[in-house]
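Before any comments, here is the structure.
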Amino acid sequence: MDFGGSFTDRLFDRAGFQQGARALDVGCGTGDVTLRLARKLGAEGRAIGMDLNGSALDVARQRAADEGLHNVTFVERDLQHLGQEEQPFDIITCRRVLMYLPDQVAAAKSIHAALRPGGLFVVQEHDATIMQSNQTLPLYEKARSWIWDTVRAEGANIGTGFDLYGILAAAGFSDIDISAEAIVVTPTQAGHTAAIVDAMAERIVAAGVATRAEMEVETLEERLIEERRAFSATTVGEMMFGAIARA
């Protein structure tokens, strides 16, 4: 599931990528962002997806083939290999990657060094330090804690969104433009919480945060909707932060 994909699209539109540019997507996973890049850059452009998960890269390659995209490749490597590129990139992107890195400034410096002067770094991060509701919702709060306690247990900085400007400035980027959106769910809207818990269920159990019996994933969405409707509650979930900066 491509959570936050519409925000990514708007972020890319604001960045104003040039057709024919050479771009790198760091931590590409199964290729959601890389394929967006390939479409944006056109046939003369080049999008490269980089990740350490070979199985995810196999999925990404198949998706590109199914879509008939010939301007995209996927490579199995990490940030330490950025300096080995033959030429600098015009654009580097990453989504929900910095939050998992132990030295975020060092990682951003590696990205800065791999960009041509004036090249664009477009980064998207979630931030779970502020989540609100106009009512107390025990089930919703428990479900969100399953997600974010797991992410924290995996070593992530769940406050990376608010830290983003400082990270990029310390890494030497300029013209840093930060934007953010909140994920809002009303009593009549379906949210993403249950779907995320379902997608993360193995990770949640592995982190010791909750058992499958505790989560009851099969009925979670229905129970969350019932809770919001019972209290006529609107929730503001994690924030999505986007940054566009120049090397």
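Report yes if Leu82 is closer than 24 Å to Phe241 by Cβ, touching a strand residue (DSSP E or B) at 6+ places or on another chain (Cβ under 7 Å), touching a residue at least 12 places away in the same chain (Cβ under 8 Å) and not basic (Lys, Arg), otherwise no. Taking the combined requirement at face value, the residue does not satisfy it. Comparison of Phe173, Phe162 shows that the only residue that is within 13 Å of Phe241 (Cα to Cα), over 14 Å from the mean Cα position of the chain (by Cα) and touching a residue at least 60 places away in the same chain (Cβ under 8 Å) is Phe162. The residue list His70, His81 contains one member that is in a loop (DSSP other than H, G, I, E, B) and on the phi < 0 side of the Ramachandran plot, which is His70.
Restricting attention to the range 110-142, the residues that are under 14 Å from Ile92 (Cα atoms) and surrounded by fewer than 18 Cβ atoms within 10 Å (Cβ to Cβ) total 4. Filtered by the rule that a residue be touching a residue at least 60 places away in the same chain (Cβ under 8 Å), aliphatic (A, V, I, L, M) and outside any helix (DSSP H, G or I), the range 187-217 gives Val209, Ala210.
Scanning the range 218-245 for residues that are in contact with a Pro (Cβ under 6 Å, 6 or more places away or on another chain) and not in a loop (DSSP other than H, G, I, E, B) turns up Arg228, Arg229. Quick one: would you say Ile130 is over 27 Å from Asp58 (Cα atoms) and in contact (Cβ under 8 Å) with a residue 12 or more places away in the chain? Yes: the conditions hold for Ile130. Count of the range 143-190 residues, restricted to those that are within 30 Å of Ala206 (Cα to Cα), among the charged types (D, E, K, R) and exposed (fewer than 15 other Cβ atoms within 10 Å of the Cβ), is 1.
Residues that are free of Cβ contacts under 8 Å to residues at least 60 places away in the same chain, surrounded by fewer than 21 Cβ atoms within 10 Å (Cβ to Cβ) and of a type outside the set (D, E, K, R) within the range 1-29 comprise Gly5, Ser6, Gly16, Gln19, Gly20, Gly29, listed in sequence order. All told, Val209 meets the bar of being surrounded by 17 or more Cβ atoms within 10 Å (Cβ to Cβ), over 20 Å from the mean Cα position of the chain (by Cα) and among the hydrophobic types (A, V, I, L, M, F, W, C). I'd like to check something: does the range 91-101 contain any residue that is out of contact with any Gly (no Cβ under 6 Å at 6 or more places or on another chain), of a type in the set (D, E, K, R) and part of a helix (DSSP H, G or I)? No, the conditions are met nowhere in the range 91-101.
Looking only at residues in the range 25-67 that are part of a strand (DSSP E or B) and of a type in the set (A, V, I, L, M, F, W, C), the one that is nearest to His112 (Cα to Cα) is Val26.
Table: residues versus (1) of a type in the set (A, V, I, L, M, F, W, C); (2) over 18 Å from Phe7 (Cβ atoms); (3) over 16 Å from the mean Cα position of the chain (by Cα).
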| site | (1), (2), (3) |
| --- | --- |
| Val122 | yes, no, no |
| Asp127 | no, no, no |
| Ser133 | no, yes, yes |
| Leu137 | yes, yes, yes |
| Trp146 | yes, yes, yes |
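Taken over the range 219-247, the criterion of being under 23 Å from the mean Cα position of the chain (by Cα) and either without any contact (Cβ under 8 Å) to a residue 60 or more places away in the chain or crowded, with 18+ Cβ neighbours inside 10 Å (or both) is satisfied by Glu221, Thr235, Gly237, Glu238, Met239, Met240, Phe241, Gly242, Ala243, Ile244, Ala245, Ala247.
Conditions (1) touching a Leu at 6+ places or on another chain (Cβ under 6 Å); (2) of a type in the set (Phe, Trp, Tyr); (3) at pLDDT 95 or above, marked per residue:
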position	(1), (2), (3)
Ala64	no, no, yes
Leu79	no, no, no
Ile92	yes, no, yes
Leu98	no, no, yes
Ala113	no, no, no
His126	no, no, no
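The values are calculated or read from the model by the stated rules, or taken from the named source; none is laboratory data. Treat the numbers as computed from the prediction; the structure is a model and nothing was measured. So basically every Cβ, Gly included, is an ideal-geometry build from the backbone, and we count neighbours across all protein chains shown.
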